[in-house]
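The values are calculated or read from the model by the stated rules, or taken from the named source; none is laboratory data. What you see is a predicted model, and the numbers here were worked out from it, not measured in a lab. Every residue, glycine among them, receives a Cβ derived from its backbone with ideal geometry; neighbour counts consider all protein chains shown.
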Amino acid sequence: MPHCLITLKKYGELIREELDRRDLLNGLFRIKAEETHLILPVNRELTKKELTSLSKIDSTIEQSFSDTLLPTKFTPKSHLDVLQEFFSEKEMELTPRSFDTIGDIVVIEVPEELADKKEIIGNALLTAHSSIKTVYAKAGKVDGINRIRPVEFLAGEKKTKTIYKEHGVRLVVDITQAYFSPRLSEEHSRIANRSKDNETIVDLFCGIGPFAIPIAKKVDAQIHAIDINPGAIALLKENITLNKLLGTITPHCGDCRKVVDEHNLENVADRIIMNLPGYAVDFVDVACKTLKKEGGIIHFFEFVGGENPEKTIVEDISREIEKNGRKIDSVLEVRKVRMSAPRQWQMVADVVVI
Ligand SMILES: C[S@@+](CC[C@H](N)C(=O)[O-])C[C@H]1O[C@@H](n2cnc3c(N)ncnc32)[C@H](O)[C@@H]1O
């Protein structure tokens, strides 16, 4: 434990200069700031005479030991290492360990109890990770028809747009203009790997293109990408330009039900992507109409709770498909994508419909 001197903050700089002049500062440790005091590391126990002379600057000065001083060469591995210096044990327990990284932007969920410490957490993330340039806090749920999450700026560069990379694909994302989740990264790649050359694929709720772009990068397919949010379609167009694609993507802005009618997309699709969990069930009629009469595949995403979510999602889509005069020929795959709430999963079912 290094020897240290505890001095009032207002005399801190004078004491530091004096210790430096007498070559008494311990350069192996960092000076620590507390609310009213500074803790200055010294390289040996000071004599009574030395202390008396320093007390002429600060009469309250005390000599002690400290095990909380950080080494000068301290390189934090995470925001938690940085926060250790400022947060109580309780606050450390409440601090989130994980967060979403989208390019050089981080979005973190800060609990209510740490509301007044949000900026400190934001700055700790910037200190710990040089690749992070901007930090936002979640300020509500993914909401509205466009499925955008409200966010609050915490620290760093004030920007909302970034470039996100996954599986060799680059995506321009603007976290305030359109839905995007890095948590679906495995799904984007999985569906691209299932897609084949010469297929006609319709992504009914395409967002900025995280399914359409990887598919078109991998295979020579014709993809119709539909979204009701003009902000999402504008970003999709940027993403089409940004990536070298084998396939062709045709962006359509509008309600998928209207787009399918207006652009004669009936009976065209070999494969349909339906990633609008919570509402996709209301659009199964559109999918059935768009799918080729001889059959095709639907990738259906839904939030499902209960004991057997795998069974529930297949039952839900099956019921809707049968209402539309078609049926499931086989179930290719059913999987949990991510936990969406306590005891609730975002699930995906890949089904062959005839
Ligand atoms: C959960 S997001 C998924 C976006 C994208 N597939 C992804 O994985 O990032 C759902 C998207 O559906 C769009 N949307 C909602 N209702 C729609 C509708 N009736 N027709 C077309 N798009 C719709 C929203 O704007 C949003 O971008």
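Quick notes on this structure:
- The set of residues in region 34-75 being small (Gly, Ala, Ser) and either touching a Leu at 6+ places or on another chain (Cβ under 8 Å) or not in a loop (DSSP other than H, G, I, E, B) (or both) consists of 53, 64.
- Flag if residue 265 is buried (at least 20 other Cβ atoms within 10 Å of the Cβ), modelled with pLDDT of 95 or more, more than 28 Å from the chain's Cα centre (by Cα) and in a loop (DSSP other than H, G, I, E, B): yes
- In region 178-224, of all residues being within 27 Å of residue 149 (Cβ to Cβ) and of a type in the set (Ser, Thr, Tyr), the one that is nearest to the ligand (Cβ to nearest atom) corresponds to 179.
- Residue match in region 189-197 (condition: in contact with a Ser or Thr (Cβ under 8 Å, 6 or more places away or on another chain) and touching a residue at least 24 places away in the same chain (Cβ under 8 Å)): no
- Residue pairs whose Cβ atoms lie under 7 Å apart, sitting 6 or more positions apart in sequence or on different chains, and linking a residue in region 243-269 that is closer than 15 Å to residue 203 by Cβ and touching a residue at least 24 places away in the same chain (Cβ under 8 Å) to a partner that is of a type in the set (Lys, Arg) and in a helix (DSSP H, G or I), are 245/217; 251/237; 260/289.
- A single entry from 22, 97, 16 fulfils the requirement of being basic (Lys, Arg), more than 30 Å from the chain's Cα centre (by Cα) and within 30 Å of residue 128 (Cα to Cα): 16.
- Any hit, region 86-109, residues being in contact (Cβ under 8 Å) with a residue 60 or more places away in the chain, touching a Ser or Thr at 6+ places or on another chain (Cβ under 7 Å) and β-branched (Val, Ile, Thr): yes
- Screening residue 127 with (1) in contact (Cβ under 8 Å) with a residue 40 or more places away in the chain; (2) under 14 Å from the mean Cα position of the chain (by Cα); (3) over 29 Å from residue 214 (Cα atoms) gives one miss only, at (2).
- Options 57, 121, 39, 108: the member that is of a type in the set (Val, Ile, Thr) and touching a Gly at 6+ places or on another chain (Cβ under 9 Å): 108
- Pick from region 299-315, criterion at pLDDT 95 or above and touching a helix residue (DSSP H, G or I) at 6+ places or on another chain (Cβ under 7 Å), ranking: surrounded by the fewest Cβ atoms within 10 Å (Cβ to Cβ): 301
- Annotation for region 117-131: no member residue is closer than 30 Å to residue 255 by Cα and of a type outside the set (Phe, Trp, Tyr).
- Among the residues of this structure, residue 284 counts as one that is in contact with a helix residue (DSSP H, G or I) (Cβ under 7 Å, 6 or more places away or on another chain), under 18 Å from residue 206 (Cβ atoms), assigned to a helix (DSSP H, G or I) and away from the ligand (no atom under 12 Å from the Cβ).
- Scanning region 229-245 for residues that are over 19 Å from residue 256 (Cβ atoms) and among the charged types (D, E, K, R) turns up 238, 244.
- Hey, residue 55 within 30 Å of residue 131 (Cβ to Cβ) and not acidic (Asp, Glu) or not: no
- Region 249-262, subset β-branched (Val, Ile, Thr) and buried (at least 18 other Cβ atoms within 10 Å of the Cβ), residue nearest to the ligand (Cβ to nearest atom): 259
- Of residues in region 231-248 being within 26 Å of residue 193 (Cβ to Cβ) and within 13 Å of the ligand (Cβ to nearest atom), the one farthest from the chain's Cα centre (by Cα): 233
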